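In what follows, a structure is listed as structure tokens, so that the remarks can point back to it.
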Amino acid sequence: MTAAPAAESPVLDLSALTRRYGSFTAVDDVSLRLPPGARHAVIGPNGAGKTTLLNLIAGTDRPDHGTVVLDGADVTRKAPHRRSRLGIARSFQHPVVIGELSVLDNVTLAGWPHHPRRRGAWRSPSRYREHTESALARLETVGLAPLARRPAHTLSHGQRRMLDLAAALSGAPRLLLLDEPAAGLTDVDIERLLGVLGALPASVAVILVEHHVEVVAELASTVTVLAAGRVLVTGPTREALTDPRVREAYNGTAAATAADSGPPAGAGKVAAAETRG
């Protein structure tokens, strides 16, 4: 009899993560396991704890309880820059760029700590050229290579988003955290974003926080829905998006909002996804 293959070790293993701010619990006992190459989305009503969860994974916030394990190593107490060197990269809700630097220099600087030949590269033309060539390849990937020499502050919002993504990819991460990458993008920009993320190497695991359900459906194979900091649903994308509890969570948020404020972002799209399903 042939033995069954061993289960693949997760690239990320979150166990009972909890984060409180005074009497408010932003993330409440969240556990999640991601295999290498996962494409996983985290969605939920406004205030559900999605960005806080990314903060806990990236290390910019510390849990009150629980653990973060990356490739079998406990990184719960490691600083963000140490987690970055271990393979965690992140893009933000608001693109983080250094406006005074060129587009190319932004990506070169972001990738510098991860480059195997970074020591003394400023004084070595050949090593510096190696760094910039690597950065230029990242810009080519996101469609910004023609703008490499422009100051970053001259870019449009969509271009800044792509620059932020190129910077996050510059360290060849094992785990990529994306916080609302489609926010504020035009339809053309979203198509470009989908193309770039769809072409990521299978070795890179992705956690995507996004309000655009169409983007989630296109990119994610599994989804976790958070509500009031707790996991409401985790499962394959279509099943999670069409789960009645998801609509109830969004409608519950709307009911708690002032009557003239309208539904929370994404509520109508979740309902539409259920109709299409």
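The values are calculated or read from the model by the stated rules, or taken from the named source; none is laboratory data. The shown structure was predicted, so the numbers you read here are calculated from the model rather than taken from an experiment. Glycine gets a Cβ as well: all are built from the backbone with ideal geometry, and neighbour counts include every protein chain shown.
Brief remarks on what is shown
- Scanning the range 140-154 for residues that are on the phi < 0 side of the Ramachandran plot and surrounded by 13 or more Cβ atoms within 10 Å (Cβ to Cβ) yields Glu140, Thr141, Val142, Leu144, Ala145, Leu147, Ala148, Arg150, Pro151, Ala152.
- Residue match in the range 33-42 (condition: surrounded by fewer than 20 Cβ atoms within 10 Å (Cβ to Cβ), in contact with a helix residue (DSSP H, G or I) (Cβ under 7 Å, 6 or more places away or on another chain) and under 22 Å from Val204 (Cβ atoms)): no
- Applying the set (1) modelled with pLDDT of 85 or more; (2) of a type outside the set (Asp, Glu); (3) surrounded by fewer than 15 Cβ atoms within 10 Å (Cβ to Cβ); (4) out of contact with any strand residue (DSSP E or B) (no Cβ under 8 Å at 6 or more places or on another chain) to His65 leaves exactly one unmet item: (4).
- So Thr234, is it of a type in the set (Ser, Thr, Tyr) and modelled with pLDDT of 90 or more: yes
- Among the residues of the range 185-208, those that are of a type in the set (A, V, I, L, M, F, W, C), assigned to a helix (DSSP H, G or I), under 24 Å from Leu53 (Cβ atoms) and free of Cβ contacts under 8 Å to residues at least 40 places away in the same chain comprise Ile190, Leu193, Leu194, Leu197.
- The range 216-230 - residue that is surrounded by 20 or more Cβ atoms within 10 Å (Cβ to Cβ) and hydrophobic (A, V, I, L, M, F, W, C) and, of those, nearest to Val30 (Cα to Cα): Leu226
- Gly120 fulfils the conditions (1) at pLDDT below 90; (2) under 19 Å from Leu54 (Cα atoms) except for a single criterion, (2).
- Residues of the range 26-42 satisfying the condition of being under 18 Å from Thr76 (Cβ atoms) and touching a residue at least 40 places away in the same chain (Cβ under 8 Å): Ala26, Val27, Asp28, Asp29, Val30, Ser31, Leu32, Leu34
- Search result, residues across the range 70-85 that are buried (at least 17 other Cβ atoms within 10 Å of the Cβ) and touching a residue at least 24 places away in the same chain (Cβ under 8 Å): Leu70, Arg83, Ser84
- Residue match in the range 154-164 (condition: in contact (Cβ under 8 Å) with a residue 24 or more places away in the chain, under 20 Å from the mean Cα position of the chain (by Cα) and under 14 Å from Thr108 (Cα atoms)): yes
- Matching entry among Val246, Val209, Val213 (being crowded, with 16+ Cβ neighbours inside 10 Å, among the hydrophobic types (A, V, I, L, M, F, W, C) and modelled with pLDDT of 90 or more): Val209
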